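Below: one structure, written as structure tokens.
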Ligand SMILES: *[C@@H]1O[C@H](CO)[C@@H](O)[C@H](O)[C@H]1NC(C)=O
């Protein structure tokens, strides 16, 4: 009896050490640039043994189908929200991502129909919608996104729309890479009877998040620089998928519109309309003289604490 206990205690100690180093030293962020992503190509893979993080993956998470979520902390969970309402997926200091939910063929079933991304404190608004299976439409600040051509937004975010099977819009700012896709029809699960055209979303980290929240964002809280250094010395601070429970109630994540941040989970720091207008106007006009206005605007925003 005593020997068994001793062995178990030793095994527990080894496990604790592994957890701490997994959450601490082993955090490797993704490299920047289009085509650098190691996110799974298909977000329909729901078998944890297949999707489980491999060593070359940066921290990532995603939401797929009638939404099932895979967290940055490896937790699998559902968030149904409600049809015809919008919910906050990720909220952090400079970026805020909502999804508008739609109904599915089964009563009570919901999917994500549109995604709205605010970047650079609201300087940029990216609107993404499906237009059928493998069909995606996107606008950035009201202008349609052109396919197969990288667009750099006024706040410095990069966007790339790829048409074809599982059409995708890739978004990248200083901290987050998002892939929003309009997948092909699922003809396998119940012969396709429970699928409808919708959007899936995957998120990958390029650096430490500031203060992440939202349905998916909350699973990255163990990856802020403070949490990572804490977990290196205190194994109890490391993320555990088993202990994870989504915080609060669905209503805490509800927003009144695709580009609203009026939810309990908002961590978004919106810049003033004046700041945003100055940067947008400068970017729209372009030109050498006005570039200095952009620089000035960026400096003002950087001073105010937004990581651009
Ligand atoms: C699209 O997604 C399906 C499954 O979700 C996958 O089998 C297929 O390979 C994907 N196609 C492309 C071009 O990524």
Normalized C-alpha radius of gyration of region 97-158, against 2.2 N^0.38 Å?
-> 1.29
Which distance in Å, rounded to a whole number, links the C-alpha centroids of region 54-132 and region 215-275?
-> 14
At R0 = 22 Å the Cβ-Cβ FRET efficiency linking residue 107 and residue 250, nearest 0.05, sits at 0.80
Share of Cα-Cα pairs in region 74-228 beyond 27 Å, in percent?
-> 23
What is the projected area of the convex hull of the Cα atoms of region 66-131, averaged over all directions, in nm²?
-> 5.2
Cα-based Rg and Dmax for region 138-238, where Dmax is the largest Cα-Cα distance (Å) | 17.6, 50
Rg (one decimal) and Dmax (whole number) from the Cα set of region 161-290, in Å, equal 19.4, 60
R0 = 30 Å: FRET efficiency of residue 162 with residue 229, Cβ-based, nearest 0.05?
-> 0.20
Only residues of region 169-192 count here: report those whose backbone N is under 18 Å from the spot 7 Å along Cα→Cβ of residue 148, or say none.
-> 169-170
With a ≥ b ≥ c the root eigenvalues of the C-alpha gyration tensor of region 53-103, is it rounded (a/c under 1.5), prolate (a/b larger than b/c) or oblate?
-> oblate
Point-to-point label distance, residue 262-residue 285, nm (Cα→Cβ direction, 7 Å offset) | 3.4
What percentage of all Cα-Cα pairs in region 169-213 are separated by more than 16 Å?
-> 53
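Readers should treat all values here as calculations from the given coordinates under stated rules, not as data from a laboratory. Note that the structure is a prediction, hence the values are computed from the model and not measured. Cβ sites come from the backbone with ideal geometry, for glycine too, and all protein chains shown count toward neighbours.
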